[in-house]
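Note sheet for the following structure.
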Number of protein chains: 4
Amino acid sequence: MTLNIGVIGTGAIGKDHIRRISSNLSGARITAVTDVNQEAAQVVVEQYGLDAVVYPDDKALLAQADVGAVLVTSWGPAHEQSVLAAIEAGKYVFCEKPLATTAEGCRRIVDAEIRHGKRLVQVGFMRRYDSGYVQLKQAIDERLIGEPLMIRCAHRNPESGPNYTSDMAITDTLIHEIDVLRWLIDDDYKSVQVTYPRKTRHALSHMRDPQVVMIETRGGVLITAEIFVNCRYGYDIQCEVIGEDGIAKLPEPSSISLRKEGMYGTRILMDWKDRFIEAYDREIQDFIDSVKRGDVQGPTAWDGYVAAVTADACVKAQESGEWEDISLDEKPDLYESRTLSEA
Amino acid sequence: MTLNIGVIGTGAIGKDHIRRISSNLSGARITAVTDVNQEAAQVVVEQYGLDAVVYPDDKALLAQADVGAVLVTSWGPAHEQSVLAAIEAGKYVFCEKPLATTAEGCRRIVDAEIRHGKRLVQVGFMRRYDSGYVQLKQAIDERLIGEPLMIRCAHRNPESGPNYTSDMAITDTLIHEIDVLRWLIDDDYKSVQVTYPRKTRHALSHMRDPQVVMIETRGGVLITAEIFVNCRYGYDIQCEVIGEDGIAKLPEPSSISLRKEGMYGTRILMDWKDRFIEAYDREIQDFIDSVKRGDVQGPTAWDGYVAAVTADACVKAQESGEWEDISLDEKPDLYESRTLSEA
Amino acid sequence: MTLNIGVIGTGAIGKDHIRRISSNLSGARITAVTDVNQEAAQVVVEQYGLDAVVYPDDKALLAQADVGAVLVTSWGPAHEQSVLAAIEAGKYVFCEKPLATTAEGCRRIVDAEIRHGKRLVQVGFMRRYDSGYVQLKQAIDERLIGEPLMIRCAHRNPESGPNYTSDMAITDTLIHEIDVLRWLIDDDYKSVQVTYPRKTRHALSHMRDPQVVMIETRGGVLITAEIFVNCRYGYDIQCEVIGEDGIAKLPEPSSISLRKEGMYGTRILMDWKDRFIEAYDREIQDFIDSVKRGDVQGPTAWDGYVAAVTADACVKAQESGEWEDISLDEKPDLYESRTLSEA
Amino acid sequence: MTLNIGVIGTGAIGKDHIRRISSNLSGARITAVTDVNQEAAQVVVEQYGLDAVVYPDDKALLAQADVGAVLVTSWGPAHEQSVLAAIEAGKYVFCEKPLATTAEGCRRIVDAEIRHGKRLVQVGFMRRYDSGYVQLKQAIDERLIGEPLMIRCAHRNPESGPNYTSDMAITDTLIHEIDVLRWLIDDDYKSVQVTYPRKTRHALSHMRDPQVVMIETRGGVLITAEIFVNCRYGYDIQCEVIGEDGIAKLPEPSSISLRKEGMYGTRILMDWKDRFIEAYDREIQDFIDSVKRGDVQGPTAWDGYVAAVTADACVKAQESGEWEDISLDEKPDLYESRTLSEA
């Protein structure tokens, strides 16, 4: 049975998922698309040779009975409305981050899903599908390093664009660590502090870069996360979990080693798009497979809500310089089981 | 357009490709299968939920007009006949190694393909699709290390089974290096010598293990290949190319690093099936995509022939202890272009 | 000219330096020793076959005209008095850390040295002589990584003894980082905060372990230092300097690599005494050589004072949980030049 | 007791050992020197501020009763005569490699030492004192990798001088591996074959470079040794021992790691003088200490003889292209015990 997928938003990431589903993955096809720019949507249909109808908007697309699932890949502010509409239509929905631009918006989606009575939503936190993080989680779950005590991580980009602002270090960059770290150690966050080291000369005048975010979890794990979006030397994701009995560390991306001109080394990726390319494939394949089983298991709407609440507290800590609380609602029963790791 | 694939031979590797095509890859489906054991073939159809017909033999399967390509995954001695039949039927055919059990058999396939006038055959040398070897080839092609002068490689397994004999170190084990190394440096082989180090106590009494094979290429590159199939510590594939200006080396498989109990290390795979799992996916996806384009680009029947001739010389050198010549026919025009690297 | 050295305090570290000077280093001999336990001192003289006189106390030893330099290797609380007496006697003096047990005591030594008008004192911060730190400093000084912005470091021991208390994480353990990091980046400290991650089950009930110390320098560099004295897996010193253009990291101690039983790894030291054994040799050889040149260049009394003030602020921060200021007196002219790096 | 040392030959390596003994090492002083160039010897005495007499020749120097040991650091062809004279004078003698320029010359020294009845000679094979090789030997001796089966090693220099000839790849370069490998695995050599890979364009026209030397030991261990003296990228010594249960490999020289400009790497030494600098220190200190104990334990005259015989066979194999035998005399009783590893 081939799954028919509708795509809401045919910009860069939408096109990338269309390409992925059409050329790399198994068991699904794109049969419906929509975009605020109808012409652009039509161009995409032709470009990828899709046998797909262009609908005027998300509601029209969601009204199609033969669409089994949708991807929400529009711009962030439009996500909430499309996801709510998908839930109302009873469709499975994969939504790129952010699930909604506010914690309240995320909570509305959670509530809608609870009313529906069954998980329909998967949020696009692809790192949980990266083989390195999966190995790291297995090591932690198998108690290879004992109880986790600290995490040291870094998220580094060679360069940030002119529109990148200091708060985006949280909402666009750290947001991936915010999701993946609590999944990694099966814990939630309690409080956060942001500290600013000396600013790099490579950062634009309006922004702080690098930043160091210190997060304490409810279980007492202390996370020290560096965000450095003008580090110049490469796109580099580091994560090291320090436990009672040992330390486990994320692998470097696989690279040949070279001995040349007095140096012995491996290559560092320069482009973030290369880093998690296989994780994106696995994420969407998992969504397709789990929709076909009727049992979505990836990052939940609740995970989207937690990320939003945590990011809000981080942004507040950026401004205050103080430790700020991270206060979550009680976790609804719907989300108690069915996490990827328990699958 | 979904490609309809027939599978000739539904044993272990046949089932693995069926699973792959059904669950991981894009653009193809299994519509026909056959096996000397008809019941086993029927079980596989049910097990994987295939919408496929079980045919009594390869000829019946190849007679189906709606089968666009076939996989030959029967046992080795049956390959030649099925591949020749596929060529005669004008079907694209992916054949697991060996293409044929003798160099003469491979040559017959080459001749049949030449008579057909167009490439139809891809041989299952999956290492050319491994991301590490691909990086290595790119580094060599970009002249990062200058002209290659030597290659040091090793093919190590934890343990060999009771039926493994000394010549299988060449025909079953080194055969992968034989194919991938000439592709890597775009060269052909000239002569070979086999030397036996002290035998490990872990090897069975009837066999030599480890073995060191030294191959000289026509371009003068000296390859030193260690085969060690009872090395105990892991499944380990090493390859290092020493050039005029530097050295490039295959990456270790990606692994988290651990600091624990006085050691800092990464894991070594123990099972060969884990090592090239992604290469198998890429290999079959490439076959599907290139068949759909009408332009097969993977390892050719000629590559299968060269591997067979080289393996014969290696086995002769195992017995003689002398340098043995590796004599190839002249390369037919059909195979002059269209290698993967030139694609 | 052989330098005659007197040793004040013949306990463990005193004996180790006596062995070093007698058997490994060049240009000096031990001619005088003293210890509160006179018999123990006599035993040491015999054990090492020294041609040395045992004096009743430091003053008697310092009164000997033929003693060219002294090592103060008594217990910490006795250091200040012996160093002041040595300065008064106009003798060169190498003092193990701490220079004095209080910042005020260190300041008195600084003042005495200023009155004397010339540097006589070297403090036993041996890490400045470790080849890894020396390489790291060279890389920073050569601007290989641009301006330093952050430092991430860790000081880990397998196990702490029963008398180890939480403040000793600063005064006995972090004290080495406190000295070496400001030397590394040629900067001074401004403020400090201490945070406690979840406590390891391996720590005794009376203490906090691990601890994370965050120090801001006057230049804005943010140091995140982990102290973890019951990490179990090994003695491990990590230091990574993140600069505007790249990152430089301390080497792991040199170790053969092993492939064995599914792991590929190197050994981690278990005993701290093995980690800086060559740095101790270089430190004392440098003291001998510089005394003979009349020009002591290692860590100064001022460095000892700075370390004491910084440690005091760290201990205060341990208790308050707040950012605490690190306030130094103005640096006296005597210490403006003559650092090791400028030599 | 300070050991009085005489130095026969005050060229580059002689001066280096004089500097070492005067400034780095413990327990010895230079009291006598000689050189064919008397003026040069006098200059050295002044340059290093030695309290030493310049003698007209080795015999005059060896006649001095207060000289306890000599270093032979003249040019190779003069070694045999000076070592024989030292033995006749009953003096301990450290001789830089080669012990003599022919196997017969080495044998004459062995015979003289046997007649003397006690070991007096230590040969300058410093690698046995390198901490990496020492770790490797310990791992082998502790059976961490089981019985050794193969060794893969490489000796690479960035560039060879205009006077370097193909046979010097053996006599000047491989000679160090020839000594250290048999010590490492406690075995002797049986036969050797030399193979020439494609020549690098960086080698001068009169020479072969690289070369691959394959040596079989009496115990059946197969050694594959690459010599590549124009590898351009660095001075690089590799050694990997493949055993029945695992593999142990020499460490890379300690280096900070850098992340910079898309590369993650460590530095490779460019100058051979930096590689074994600490091994030279340990070697001479061990000579001094063992002379003072009256019990020389480093590489023996017999080791020098074995190296010479082996090198002769390698050179013969360079010319013949065949496997050549390595035939040693029976090992005299004098050399049966007292190896460094048994100390």
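The values are calculated or read from the model by the stated rules, or taken from the named source; none is laboratory data. In this text the structure is predicted, and so the values were computed from the model without any measurement. All Cβ positions, even for glycine, are placed from backbone atoms using ideal geometry, and neighbour counts span all protein chains on display. When the accessible area is computed, the model is the full protein with side chains, heavy atoms only, and any ligands, DNA or RNA have been set aside. Shrake-Rupley method; radii C 1.70, N 1.55, O 1.52, S 1.80 Å.
Select from the stretch A:266-311 the residues that are of a type in the set (Gly, Ala, Ser) and over 17 Å from the mean Cα position of the chain (by Cα) and list them in ascending order. Give the derivation first.
Going residue by residue through the stretch A:266-311, those that are of a type in the set (Gly, Ala, Ser) are A:279, A:290, A:294, A:298, A:301, A:304, A:307-308, A:311.
A:290, A:294, listed by residue number.
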Failed condition for residue D:9, given (1) away from chain C (no Cβ under 14 Å); (2) of a type outside the set (Phe, Trp, Tyr); (3) on the phi < 0 side of the Ramachandran plot, with all others met?
(3)
Working carefully through the options C:224, C:171, C:200, C:217, find the one that is farther than 30 Å from residue D:245 by Cβ and away from chain A (no Cβ under 14 Å).
C:171
Yes or no: residue D:284 crowded, with 22+ Cβ neighbours inside 10 Å and touching a His at 6+ places or on another chain (Cβ under 9 Å)?
yes
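Can you say whether residue C:121 is buried (at least 21 other Cβ atoms within 10 Å of the Cβ) and over 21 Å from residue A:196 (Cα atoms), as far as the supplied structure shows? If you could, list the steps in order and put the result at the bottom.
Working: buried (at least 21 other Cβ atoms within 10 Å of the Cβ): yes; over 21 Å from residue A:196 (Cα atoms): yes.
Yes, satisfied.
The rows are residues; the columns are (1) in contact (Cβ under 8 Å) with a residue 60 or more places away in the chain; (2) among the hydrophobic types (A, V, I, L, M, F, W, C); (3) under 21 Å from residue A:228 (Cα atoms).
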position: A:116; (1), (2), (3): no, no, no
position: A:123; (1), (2), (3): yes, yes, no
position: A:141; (1), (2), (3): yes, no, no
position: A:146; (1), (2), (3): yes, no, no
position: A:153; (1), (2), (3): yes, yes, yes
position: A:157; (1), (2), (3): yes, no, yes
position: A:164; (1), (2), (3): yes, no, yes
position: A:167; (1), (2), (3): yes, no, yes
position: A:170; (1), (2), (3): yes, yes, yes
Please work out which residue is least open to solvent (accessible area, probe 1.4 Å), limiting yourself to the stretch A:268-281 and to residues that are within 14 Å of chain D (Cβ to nearest Cβ) and in a helix (DSSP H, G or I).
A:275
Working only within the stretch D:144-177, note down all residues that are open to solvent by 10 Å² or more (accessible area, probe 1.4 Å) and on the phi > 0 side of the Ramachandran plot.
none
Looking at the stretch B:212-228, is at least one residue touching a helix residue (DSSP H, G or I) at 6+ places or on another chain (Cβ under 7 Å), in a loop (DSSP other than H, G, I, E, B) and crowded, with 22+ Cβ neighbours inside 10 Å?
yes
Residues satisfying the stated conditions in the stretch C:12-40, i.e. under 19 Å from residue C:78 (Cα atoms) and in a loop (DSSP other than H, G, I, E, B)
C:35, C:36, C:37
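Residue by residue, here is whether (1) open to solvent by 20 Å² or more (accessible area, probe 1.4 Å); (2) farther than 20 Å from residue B:86 by Cβ holds:
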site: B:7; (1), (2): no, no
site: B:11; (1), (2): yes, no
site: B:18; (1), (2): no, no
site: B:21; (1), (2): no, no
site: B:24; (1), (2): yes, yes
Does residue A:109 fit the bill of being touching a Leu at 6+ places or on another chain (Cβ under 7 Å), assigned to a helix (DSSP H, G or I) and open to solvent by 10 Å² or more (accessible area, probe 1.4 Å)?
no
Selection status of residue A:115, open to solvent by 20 Å² or more (accessible area, probe 1.4 Å), among the charged types (D, E, K, R) and in a helix (DSSP H, G or I)
yes
Among the residues of the stretch A:48-83, count how many are open to solvent by 80 Å² or more (accessible area, probe 1.4 Å) and more than 27 Å from the chain's Cα centre (by Cα).
4
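Mind checking whether some residue in the stretch B:124-139 is among the β-branched types (Val, Ile, Thr), open to solvent by less than 10 Å² (accessible area, probe 1.4 Å) and within 13 Å of residue B:183 (Cα to Cα)? Walk me through it before giving the result.
Residues of the stretch B:124-139 among the β-branched types (Val, Ile, Thr): B:134.
Next, from what is left, pick out any that are open to solvent by less than 10 Å² (accessible area, probe 1.4 Å): none.
Within the stretch B:124-139, none of the residues are among the β-branched types (Val, Ile, Thr), open to solvent by less than 10 Å² (accessible area, probe 1.4 Å) and within 13 Å of residue B:183 (Cα to Cα).
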Identify the residue in the stretch A:233-267 that is assigned to a loop (DSSP other than H, G, I, E, B), facing chain D (nearest Cβ under 7 Å) and open to solvent by less than 20 Å² (accessible area, probe 1.4 Å) and, among all such residues, is nearest to residue D:231 (Cα to Cα).
A:262
Expected single match for of a type in the set (A, V, I, L, M), over 20 Å from the mean Cα position of the chain (by Cα) and more than 26 Å from residue A:318 (Cα to Cα) among A:207, A:263 is A:263
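Among the residues of the stretch A:282-327, what is the count of those that are in a loop (DSSP other than H, G, I, E, B) and either closer than 24 Å to residue A:86 by Cβ or in contact with a Phe, Trp or Tyr (Cβ under 6 Å, 6 or more places away or on another chain) (or both)?
If we filter the stretch A:282-327 for residues that are in a loop (DSSP other than H, G, I, E, B), which is where we start, we get A:294-300, A:321-323, A:326-327.
Applying the additional criterion that residues be either closer than 24 Å to residue A:86 by Cβ or in contact with a Phe, Trp or Tyr (Cβ under 6 Å, 6 or more places away or on another chain) (or both) yields A:294-300, A:326.
Residues meeting the conditions: 8.
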Here are some conditions: (1) surrounded by 20 or more Cβ atoms within 10 Å (Cβ to Cβ); (2) in the same structural domain as residue C:61 (by TED's automatic domain parsing). Residue C:89 meets all but one. Which one does it not meet?
(1)
Extreme residue, farthest from the other protein chains (Cβ to nearest Cβ), among residues of the stretch B:174-197 that are out of contact with any helix residue (DSSP H, G or I) (no Cβ under 8 Å at 6 or more places or on another chain) and closer than 24 Å to residue B:305 by Cα
B:177
